[in-house]
Amino acid sequence: MSGSASNDIDQNPQAGEAGVHPIVVKIAIGAVLWFLAVTWLAFSAKGGVDVDLTVVTLFFAIFFTLFLLLASFSLDDPRWPTRHTSLRQFLDSNVGLATGKERGRDVLIEIALVPVTLAFAATLIGLAWVIFG
């Protein structure tokens, strides 16, 4: 085999591998929206923070739009064949990533951990700000 054919095989996931389940992306996006809602509700009542919150919200909208645009290009692309699975099957299967294969549970934790943790922390900080503020 030539070197380029070998690289193509190594970089493309096998047809039997699962892709990232849509619920994983929904959890991460939901946590980001939760974070934005909490920060707006807790901190926008005081003057001077509204401009910062507007900038953060606009950056989220820009990057979310870019994410959707890129995802629409790769959706159902024959170069990255994946099988569609239920959430339970996804959690138990191997997911082909650019860095190799990982279990679905690990992929869920890696993708959702930071946004959910930040949303939870923002909720606690916002509550403290409102109560003790």
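The values are calculated or read from the model by the stated rules, or taken from the named source; none is laboratory data. Note that the coordinates shown come from a computational prediction; the quantities given were computed from them, not determined experimentally. Glycine also receives a Cβ, built like all others from the backbone with ideal geometry; neighbour counts cover every protein chain displayed. For accessibility, only protein heavy atoms count, side chains too; no ligands or nucleic acids. Shrake-Rupley method; radii C 1.70, N 1.55, O 1.52, S 1.80 Å.
Restricting segment 1-19 to residues that are open to solvent by 50 Å² or more (accessible area, probe 1.4 Å) and of a type in the set (S, T, N, Q), which is modelled with the lowest pLDDT?
Asn7
Sort through Phe90, Phe120 and tell me the only one that's in contact with a His (Cβ under 7 Å, 6 or more places away or on another chain), part of a helix (DSSP H, G or I) and not small (Gly, Ala, Ser). Spell out how you get there, then give the answer.
On the way: Phe120 fails: in contact with a His (Cβ under 7 Å, 6 or more places away or on another chain).
Every option except Phe90 fails the conditions.
Given the structure, is Arg79 open to solvent by 50 Å² or more (accessible area, probe 1.4 Å) and outside any helix (DSSP H, G or I)? Before the answer, list the steps.
Numbers: open to solvent by 50 Å² or more (accessible area, probe 1.4 Å): yes; outside any helix (DSSP H, G or I): yes.
So Arg79 fits the description; yes.
Looking at this structure, is Leu124 surrounded by 14 or more Cβ atoms within 10 Å (Cβ to Cβ) and modelled with pLDDT of 90 or more?
Details: surrounded by 14 or more Cβ atoms within 10 Å (Cβ to Cβ): no; modelled with pLDDT of 90 or more: yes.
In short, no.
State the number of residues belonging to segment 99-121 that are touching a helix residue (DSSP H, G or I) at 6+ places or on another chain (Cβ under 8 Å) and among the hydrophobic types (A, V, I, L, M, F, W, C).
7
In the list Thr85, Thr57, which residue meets the criterion of being part of a loop (DSSP other than H, G, I, E, B) and either touching a Leu at 6+ places or on another chain (Cβ under 7 Å) or open to solvent by less than 70 Å² (accessible area, probe 1.4 Å) (or both)? Explain how you work it out, then say what you get.
Details: Thr57 fails: part of a loop (DSSP other than H, G, I, E, B).
None of the other options fit; the residue is Thr85.
Phe67 fails exactly one of the following numbered conditions: (1) hydrophobic (A, V, I, L, M, F, W, C); (2) modelled with pLDDT under 90; (3) open to solvent by 100 Å² or more (accessible area, probe 1.4 Å). What is the number of that condition?
Tallying (1) hydrophobic (A, V, I, L, M, F, W, C); (2) modelled with pLDDT under 90; (3) open to solvent by 100 Å² or more (accessible area, probe 1.4 Å), Phe67 fails exactly one: (3).
State all residues of segment 20-54 that are open to solvent by 90 Å² or more (accessible area, probe 1.4 Å), at pLDDT below 90 and part of a helix (DSSP H, G or I); if no residue qualifies, say none.
Residues satisfying the conditions are Leu41, Val51, Asp52.
If you check Leu97, Leu113, which single one turns out to be out of contact with any strand residue (DSSP E or B) (no Cβ under 7 Å at 6 or more places or on another chain) and either open to solvent by less than 50 Å² (accessible area, probe 1.4 Å) or at pLDDT 90 or above (or both)? Don't jump to the end; show me each part of the working.
Working: Leu97 fails: either open to solvent by less than 50 Å² (accessible area, probe 1.4 Å) or at pLDDT 90 or above (or both).
Just one listed residue meets the conditions, Leu113.
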